[in-house]
Protein chains: 6
Amino acid sequence: MQRPSGRKPEEMRSVRLTKHFTKHAEGSVLVEFGDTKVICTATVEETVPSFLRGKSQGWVTAEYGMLPRSTGTRMRREASAGKQGGRTQEIQRLIGRSLRAAVDLKKLGERSIYIDCDVIQADGGTRTASITGGFVAMAMAINGLLAEGLLKENPILHFVASVSVGVYEGEPVLDLDYLEDSSAHTDMNLVMDESGRFVEVQGTAEGVPYTMHELQAMLALGQAGISKLIDIQKAALNAEKSEA
Amino acid sequence: MQRPSGRKPEEMRSVRLTKHFTKHAEGSVLVEFGDTKVICTATVEETVPSFLRGKSQGWVTAEYGMLPRSTGTRMRREASAGKQGGRTQEIQRLIGRSLRAAVDLKKLGERSIYIDCDVIQADGGTRTASITGGFVAMAMAINGLLAEGLLKENPILHFVASVSVGVYEGEPVLDLDYLEDSSAHTDMNLVMDESGRFVEVQGTAEGVPYTMHELQAMLALGQAGISKLIDIQKAALNAEKSEA
Amino acid sequence: MQRPSGRKPEEMRSVRLTKHFTKHAEGSVLVEFGDTKVICTATVEETVPSFLRGKSQGWVTAEYGMLPRSTGTRMRREASAGKQGGRTQEIQRLIGRSLRAAVDLKKLGERSIYIDCDVIQADGGTRTASITGGFVAMAMAINGLLAEGLLKENPILHFVASVSVGVYEGEPVLDLDYLEDSSAHTDMNLVMDESGRFVEVQGTAEGVPYTMHELQAMLALGQAGISKLIDIQKAALNAEKSEA
Amino acid sequence: MQRPSGRKPEEMRSVRLTKHFTKHAEGSVLVEFGDTKVICTATVEETVPSFLRGKSQGWVTAEYGMLPRSTGTRMRREASAGKQGGRTQEIQRLIGRSLRAAVDLKKLGERSIYIDCDVIQADGGTRTASITGGFVAMAMAINGLLAEGLLKENPILHFVASVSVGVYEGEPVLDLDYLEDSSAHTDMNLVMDESGRFVEVQGTAEGVPYTMHELQAMLALGQAGISKLIDIQKAALNAEKSEA
Amino acid sequence: MQRPSGRKPEEMRSVRLTKHFTKHAEGSVLVEFGDTKVICTATVEETVPSFLRGKSQGWVTAEYGMLPRSTGTRMRREASAGKQGGRTQEIQRLIGRSLRAAVDLKKLGERSIYIDCDVIQADGGTRTASITGGFVAMAMAINGLLAEGLLKENPILHFVASVSVGVYEGEPVLDLDYLEDSSAHTDMNLVMDESGRFVEVQGTAEGVPYTMHELQAMLALGQAGISKLIDIQKAALNAEKSEA
Amino acid sequence: MQRPSGRKPEEMRSVRLTKHFTKHAEGSVLVEFGDTKVICTATVEETVPSFLRGKSQGWVTAEYGMLPRSTGTRMRREASAGKQGGRTQEIQRLIGRSLRAAVDLKKLGERSIYIDCDVIQADGGTRTASITGGFVAMAMAINGLLAEGLLKENPILHFVASVSVGVYEGEPVLDLDYLEDSSAHTDMNLVMDESGRFVEVQGTAEGVPYTMHELQAMLALGQAGISKLIDIQKAALNAEKSEA
């Protein structure tokens, strides 16, 4: 088996986190998994959705979008189509759940953090890049709240990152790019915390169902990959602190 | 640990499949997982979506809905709200993928099967019941095509069924009802085929992430449960044949 | 003239009211007019629409839907289409007006009753079945409010039921099924109270207009039919009380 | 009983039909029932809706709208709200059915007539004015097709007009204006042809249901009123011909 | 160069302002620029949009629509299409900005004026007619507020009117009708106040860009035209006062 | 008068054009006017909209969007709101018209170019940056068609660029940033070609109308600015060619 990119099965693409990519947001990062590029911003608002009012807790939610020509052929702009497609909703719900799992909403207080993940270039793995970068944007915004004294205690419970795994030409591989993704039999997105626990497992057989054996191999690959991603997140966030 | 229903951890609710529950559809079944009741119908149309035209293959897709008062408090009717919510879209995409994985779309020929899953009473596990019942409705429709001579060969590759598993009060349990689901730390939906392979794994930590150990226990419970569900599907479909 | 069903001109289909068909709603009934089957639920909410706030009165409103495959060919799901069609809106406005006419809204107090009528199988007359069954669901919910002491006095002014009449092959007939309905020249829906007064008369000539003579014959047939329907409603509701 | 307008129970408001009120449409009329003013236009298009293609017949359909400030308080513009309300849909379906009943669609050939009824000033009875004026606009358009030789034979089967009747302060009255309409117990819209047959009867009890006796009195009033309206329509259309 | 209408380059069409064209609105006028006819109404509401609450100022906004058959071929009704097109939004934003520029919003107090401009017949220049007539409707509404004592001081800063200019067959012309507009290389809409200052300049080259020389010629033509329009507005509004 | 940025009245911000900013589109550029950053892509599709079919000409159209947190406070995502606002539509119509004016649509052949302008960071002048960058993306796509031999002749008629001018604290200034824009009395967007002719002039008085004298000063400033922008466009596109 030869991956189209020449990578080894357990090899992730080059991952980069460029903080302060745009200037207005409380947290802002450009996340790159190889040629996949996503702008993640975190916005803090001092309100909560109506279903949480008066419950002494905060909220974290996410929205996801793709620029129409982030892909090989132009997609219809969702704003112009008048609605977000099912795939978009599925992804932004996943991002939101994953990042909420990283935060003690009670400690966040009655405020909301909106994570916006906008794909400017897609090459597979946009949702895993969004979660990984979105966590960093969220942490930047929370660091800001701590620095301003609006938060006394850090509400982050643990780091969270995400990577895809799959079965490509019969072999489990880590971090599928678009070429692999479109021909893989199985595509699984893992979200895990820094102690190797699972936040989300979403594995779909596109064609032939996968065996328990393949599942276990994918879980192992993903666990190793996420561990590296969390190291990269920590390095990026520490760099921030030393800058300050 | 005591489940609210008094069931044992590995015990499913009573499952019933009532075929021909409504009379117009090519396949029709009422599926009950305890108090969860879903009407599943399969409609055959002799066309395919435009992206498949001329490709000598068929299509299987699903739609999901809940009656406004299928739940403890009335939900807003999606037709009146003017759009399907994110949860609905997520679920119907899951049902569609799961059932497509059970069919050789080439053998189906240039026709589409629409699976409609409408929840008339909800008590947890509506998506797993929908997949399990939707498969039976689809099989009924395909049996009709075979009987009419419109299909020469059965395009069904293998049976597919679905069940939920979760961690309730620290212990892995099978087939969560609403009371368990709303307080479970982890909720996982499994879709598997008759040889125990995975079609979909979707596990979400609502709160504390779950460990590899818990994940393995849930997979084992689910595998056993789906095996039983496929027996029930087969019995129901065989009953049909003997009737004919 | 021979009706497709073999019924006599003044003969209704078999009518059944199955209370508690689903378990969550304050009132719930499956109404069957022959092969037409509608789930009617009544939901009580302790609020009123904004245009009634502070006016010391309640509200009754209705929503109507059809499962996509309740009919011979699959209809597009309105939630997926993004709006309710004109026919749906016309019917749910009719149901709402008819049931409001049965209630003293002042006596109901500042609360709302939502009647949901969802057709699971259609064979003509879904709107008349919905009104007839919707009344029973509403009465069940009101009986509940009386039993709980939330209402001191019964706000129901009189029973209300509905049936269709038409001119089929030149002859007035009662309670048209789908086959008759689709070839009838005239289709009229009557809503009446228990003393034979009219709540709604909606008669449409599909093709040849109808004469005053035919109109009078239809009104007479309908009056007799509704009288029987109200007997059936009363029997069903009394059965409830004796159960309790 | 004294009507607010001082009219006798059987007295209609002054009715005016101003043809060619706007210049672009194939048929165009301003219809006035007292202070109710509606612009009705008829547009001919040489196509039919897809469900009629190849069936050698035509189609007649209608749309209805109100200018936001046609009423005493401003209504939200439906185009801005993003949808037509239930009342609008109900009315435009009624207009469409009523005018279709006046035309032999086979003789019309494979073309469509769109009737647009736009209320510029409302004072009760906008739907009956729309039908009465819409018929004249349609007849003008059909006369144009005959004059151009595009139609060999007149497809109009009979004249159709509409008026409202109601029970106001206990007494049946003809052609309710807004003041009467908003306090009437019963409001009935009748659509009839020139030989006194019924095309539509739509009677709604707003409050107390009405008796068979009241119904008969309203039908008689309406029949007399419509007979006068058809005389007015004929005079207006004949004036056209003599002009030509 | 010969204009299709035979007008001289600097000659406007006949302009008419018919006040009280409809009876309900606080201000109401039919404005005609030749065959272009627009009903303009002004509605006063004693609230302001949420973004202005508590800011001790008022608001002026506008909505624009065209009857489906105001044009040579029928346009789709925007209410039925479910949204206002880009052209409609562009025009109603222009009308709103132009009329806001004529009013001291502080002096207006915490109330809103809605200007509705509905084109009943179009022959070019509907937006300029809407602004010119909309100003008169607004002034009528403000005169009403002054007469009732709800306003102590007139918030109108200056008169505002609008006209189009263009380059037709190489020559600058004033007030283009539809025939000219559809073949003009350049179409410019000017909104000016009574002292010849600019409120809006919107000039679009449809095809060949226009030179500085052409621009200056168009500005001069427009300035003269608007001066005449403001005379006509003043005459119309003075007539009102003398009537009173 | 001191501009907030310290710039001289006739001084533009630093303008940068980064070609190939994203990799999939036929033309792609990041355009920066100071802190305003817009990704412009050009997509070629070998079809034309239905209203142009069979007319032997092409089409150029544009869509515009802002990332939710491209601005100081988060804006609601239009895809999630379910429609594009009036401002968005106004801007994308302006971009489309401006770029169409630069192309001989006959020479383009029966194909369409879609220009997507997505603002990733806003600091005033997003529409003028979009037009200036959009032209470059379009030219890149057309160069590609020429290089592939799909076009024999360059359909570009002339370069087109855009800049804003305004009156800030009484003085005409070039290229307003957000701080200036939000307090300027007048804001004018100019689109011009390389020979100094006007494609679009859109000037709005926000508050006090502007005089003819101010208008002339703004036109002069803009003309000089656009001349520089076209030099920058040419340098960027020539760099491309030498790279090839």
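Descriptive notes on the structure:
- Total residues in the range C:76-105 satisfying the condition of being in contact with an Asp or Glu (Cβ under 8 Å, 6 or more places away or on another chain) and not in a helix (DSSP H, G or I): the figure is 5.
- Scanning the range C:25-55 for residues that are on the phi > 0 side of the Ramachandran plot and modelled with pLDDT of 95 or more yields a single hit, C:Gly34.
- Residue within the range D:72-84 that is of a type outside the set (Phe, Trp, Tyr), within 8 Å of another protein chain (Cβ to nearest Cβ) and at positive phi present: yes
- One residue from F:Ile226, F:Ile232 being surrounded by fewer than 21 Cβ atoms within 10 Å (Cβ to Cβ), in contact (Cβ under 8 Å) with a residue 24 or more places away in the chain and β-branched (Val, Ile, Thr): F:Ile232
- Some residue of the range A:112-128 being out of contact with any Pro (no Cβ under 9 Å at 6 or more places or on another chain) and of a type in the set (Phe, Trp, Tyr): no
- Counting the residues of the range E:59-70 that are touching a residue at least 40 places away in the same chain (Cβ under 8 Å), over 15 Å from E:Gly124 (Cα atoms) and facing another protein chain (nearest Cβ under 7 Å) gives 1.
- In the range E:37-67, the residues that are crowded, with 22+ Cβ neighbours inside 10 Å and assigned to a loop (DSSP other than H, G, I, E, B): E:Gly58, E:Leu67
- Every residue from the range C:132-152 that is β-branched (Val, Ile, Thr) and either more than 15 Å from C:Val60 (Cβ to Cβ) or under 13 Å from the mean Cα position of the chain (by Cα) (or both): C:Thr132, C:Val136
- Every residue from the range D:8-35 that is touching a residue at least 60 places away in the same chain (Cβ under 8 Å) and more than 25 Å from E:Thr71 (Cβ to Cβ): D:Pro9, D:Glu10, D:Glu11, D:Met12, D:Arg13, D:Val15, D:Phe33, D:Gly34, D:Asp35
- Selection count, the range A:106-123, where residues are over 12 Å from A:Thr61 (Cβ atoms) and assigned to a strand (DSSP E or B): 4
- Residues in the range A:8-22 that are under 23 Å from A:Leu146 (Cα atoms) and surrounded by 14 or more Cβ atoms within 10 Å (Cβ to Cβ): 5 in all.
- All conditions in (1) surrounded by fewer than 21 Cβ atoms within 10 Å (Cβ to Cβ); (2) without any contact (Cβ under 8 Å) to a residue 60 or more places away in the chain; (3) not hydroxyl-bearing (Ser, Thr, Tyr) hold for E:Ile91, with the sole exception of (1).
- Of all the numbered requirements in (1) within 12 Å of chain C (Cβ to nearest Cβ); (2) in contact with a Phe, Trp or Tyr (Cβ under 8 Å, 6 or more places away or on another chain); (3) over 21 Å from F:Gly82 (Cα atoms), B:Thr88 misses one, and that requirement is (3).
- Restricting the range C:153-167 to residues that are in contact with a helix residue (DSSP H, G or I) (Cβ under 8 Å, 6 or more places away or on another chain) and over 20 Å from C:Gly225 (Cβ atoms), the residue that is surrounded by the fewest Cβ atoms within 10 Å (Cβ to Cβ): C:Glu153
- Count - residues of the range C:168-219 that are surrounded by 22 or more Cβ atoms within 10 Å (Cβ to Cβ), assigned to a loop (DSSP other than H, G, I, E, B) and facing chain D (nearest Cβ under 9 Å): 1
- The single condition from (1) under 21 Å from A:Ile120 (Cβ atoms); (2) in a loop (DSSP other than H, G, I, E, B) that F:Thr73 fails is (1).
- Complete set of residues in the range C:124-167 that are closer than 17 Å to C:Gly222 by Cα and part of a loop (DSSP other than H, G, I, E, B): C:Gly124, C:Gly125, C:Phe159
- Of the criteria (1) surrounded by fewer than 17 Cβ atoms within 10 Å (Cβ to Cβ); (2) farther than 18 Å from C:Gln233 by Cβ; (3) more than 9 Å from chain B (Cβ to nearest Cβ), which one C:Val119 fails: (1)
- Residues within the range A:131-150 that are touching a Leu at 6+ places or on another chain (Cβ under 9 Å) and buried (at least 19 other Cβ atoms within 10 Å of the Cβ), tallied: 12
- In the range D:68-84, the residues that are at pLDDT 95 or above and surrounded by fewer than 17 Cβ atoms within 10 Å (Cβ to Cβ): D:Gly72, D:Thr73, D:Met75, D:Arg76
- D:Lys23 assigned to a loop (DSSP other than H, G, I, E, B), more than 12 Å from chain E (Cβ to nearest Cβ) and basic (Lys, Arg): no
- Checked against the criterion of being out of contact with any helix residue (DSSP H, G or I) (no Cβ under 9 Å at 6 or more places or on another chain) and of a type outside the set (D, E, K, R), the candidates B:Ala137, B:Ala122 yield just one match: B:Ala137.
The values are calculated or read from the model by the stated rules, or taken from the named source; none is laboratory data. Small disclaimer: the values here were computed from a predicted structure and weren't measured. Backbone-built Cβ (ideal geometry, glycine too); neighbour counts: all protein chains shown.
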